[in-house]
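Have a look at the structure below, then the notes.
Taken together, the values in this text are just the output of simple stated rules run on the coordinates, not laboratory data. No experiment lies behind these values; they were computed from the predicted model shown. All Cβ positions, glycine included, derive from the backbone under ideal geometry; neighbour counts span all protein chains shown.
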Amino acid sequence: MGELGGFLKYPRYTRPRRDVEKRIHDWQEVYQEIDNQAYRFQGARCMDCGVPFCHDACPLGNLIPEWNDLVWHDDWQDASQRLHATNNFPDFTGRLCPAPCEAACVLGINSDPVTIEQIEYEIAERAWESGWIIPHISKVRTNKRVAIVGSGPSGMACAEQLVCKGHEVTVLERDMKPGGLLRYGIPEFKLEKRILDRRITHLEAEGVEFRCAVEVGGTKTLGSMSVETLRQSFDAIVIAIGSTVPRDLPIPGRDLTGIYFAIDYLKPANLVQEGDLKESPVTAANKHVVIIGGGDTGADCLGTAHRQGASSIHQFEILPRPPDERSSDNPWPGWPLIFRSSSSHEEGGERLFAVESDGFIGDASASVCTIKAHRVEMAFEDGHLNFIQVPSSEFELPCDMVLLAMGFTGPQKEGLAEDLGLLFDMRGNLRRDHNFSSNVEGVFVCGDAGRGQSLIVWAIAEGRSCAAAVDRFLMGETDLPSPITPERMAMR
């Protein structure tokens, strides 16, 4: 454990964010660096609980009390080893994970939980700076070839696990660079792409081959690969294409110019920051922006619009404003349904809760100029949640850009999935069994493509677990860890 009684001695401390007026004029990560000793004192707050609920809350099963104790004792190298034993990419999760482990921290019952995520961040960064993260190159060669379609966190985690077992692993990516939503969806101010590139270089050193600008299945175009070639060239195939079909909003005026899906707005903004695009064709500069969707993607749009110089920003959420503290029907250790503000919300804009959009009004050039909406109340009818319009609550807002950030409905059906003959489940995701196997022999599914849109920590856990299933399929047995067991899959 940490220091005996450390949770009584040291208060919770988190990394401060950079000044708003400065950071909205650049794209650097929003957090300041702090004295490394501060992390040690946060590790000292860990209580060595008899039942560490943080383990169960973390899909990866991270050994949190162990590396907290090692940090407190200033043994950062061993802490890095314990952290990487369960998590391939702590430098990603230390920045992007919402930290369900902290929500389940026993200290959080009646006090502030341990700052687990930020300790994880510091362990990973210190490990890189100290040269402790070195490629693991397998001395064994199985002569088994595995293709992983999709280079997001799930596909990359699966690739690293398999290449370290001696398999030949090729990651196929249709975009120009690997990383998936980590590169093209997450803004630079949350994850600088040098952090992503650092890991990709590490994976390549371990033997993972990345082939980009390759579309698998569908129309035969330059750089495409047919499903027949895919099946003939590899002994096993992993589908990690993510959940990429955005949820639309079929209301009057949807066809007006100036209404975009969030990913079609965020991707070019990221390409500009990487130097792959001179300027974005979709910019919020000097515009009145409405973001429909109150989740993380909406917040990413918000922060991006601030940096592009939007004139005003409103963010709609159909759910009511959450309470500031847990309600009686939301007890520990479940995820606390409370009001949260991201760094983007801190930077400005107005959040409107319990609002439903009615339609869009266009100007003479058929461009959106106004959004119509009304207030709603939640009501349960016959066991189903419905949103009831509040009488006389209609209103209009001027806007010349609308961003639809309402999540994704599942993976793309056309092309790869159709050509392979993969089946879909009732939720629109690719069907797989408790061992990540699809309905096609030798084809496995992991990440958001099978689970539905979820957290980065679930994506990594699914990639690791799928790798164990693939290794067993190829070799008859495996000693790779599988944080998501068949029993846990059955409970999801």
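Each DSSP beta bridge with both residues in segment 249-406 is either parallel or antiparallel, and the antiparallel ones are about 50%. Taking a Cβ cut-off of under 14 Å around ARG231, the surrounding Lys, Arg, Asp and Glu residues balance to a net charge of -3, with basic ones at +1 and acidic ones at -1. On full extension, the segment bounded by ASN439 and LEU397 gains 10.3 nm, given 0.36 nm per residue less the C-alpha separation.
For segment 414-491, applying the loop criterion from DSSP together with a ceiling of 13 other beta carbons within 10 Å to the trypsin sites (Lys or Arg not before Pro) yields ARG427.
A simple count of charges around ALA157, restricted to other residues whose Cβ falls under 11 Å of its Cβ and scoring Lys, Arg +1 and Asp, Glu -1, yields 0. Taking a ≥ b ≥ c as the square roots of the eigenvalues of the alpha carbon gyration tensor, segment 117-197 is oblate, as a/c is not under 1.5 and a/b does not beat b/c. Note: relative contact order over the chain, using C-alpha pairs below 8 Å and six or more positions apart, is 16 percent. List the pairs from LYS193/LYS413; LYS267/LYS287; LYS144/LYS190 whose alpha-carbon separation is above 26 Å, in the order I gave them. Correct reply: LYS193/LYS413; LYS144/LYS190.
In this simple spin-label model, placing a label point 7 Å from the Cα along the Cα-to-Cβ direction at both ASP78 and ASN330 gives a separation of 4.0 nm. Using only side-chain charges placed at the Cβ, +1 for Lys and Arg and -1 for Asp and Glu, the dipole size of the chain relative to its Cα centre rounds to 600 debye. Residues in segment 374-400, backbone N under 12 Å from the label point at ASP358 (7 Å along the Cα-to-beta-carbon vector): list them, ranges by number please. Taking a point 7 Å out along Cα→Cβ of ASP358, the residues of segment 374-400 whose backbone N falls under 12 Å are 374-376, 389-397.
Residue separation of ASP276 and SER367 scaled by 0.36 nm, minus their Cα-Cα distance, works out to 29.9 nm of gained length. Can you tell me how segment 299-416 classifies by the Cα gyration tensor, rounded, prolate or oblate, using a/c under 1.5 as the rounded cut? It comes out rounded by the Cα gyration axes. Over segment 261-357, the Kirkwood radius and the radius of gyration, each from Cα atoms, give a ratio Rg/Rh of 1.06. Give the shape of segment 361-418 as rounded, prolate or oblate, defined through the alpha-carbon gyration tensor: a ≥ b ≥ c are the square roots of its eigenvalues, a/c under 1.5 means rounded, and otherwise the shape is prolate if a/b is larger than b/c and oblate if not. Oblate, because a/c is 1.5 or more while a/b does not exceed b/c. Applying the criteria of a DSSP loop state and at most 14 other Cβ atoms within 10 Å to the GluC sites (Glu not before Pro) of segment 337-412 yields GLU394. For segment 6-130, pairs of C-alpha atoms spaced more than 22 angstrom apart make up 32 percent of the total. Relative contact order of segment 1-101, taken over Cα pairs closer than 8 Å and 6 or more residues apart, is 30 percent. Between ARG198 and ASN110, the modelled labels are 4.1 nm apart [label points 7 Å from Cα along Cα→Cβ].
With r defined as the distance between the Cβ atoms of GLU346 and ARG321 and R0 fixed at 25 Å, what FRET efficiency is calculated, to the nearest 0.05? My answer for the efficiency is 0.90.
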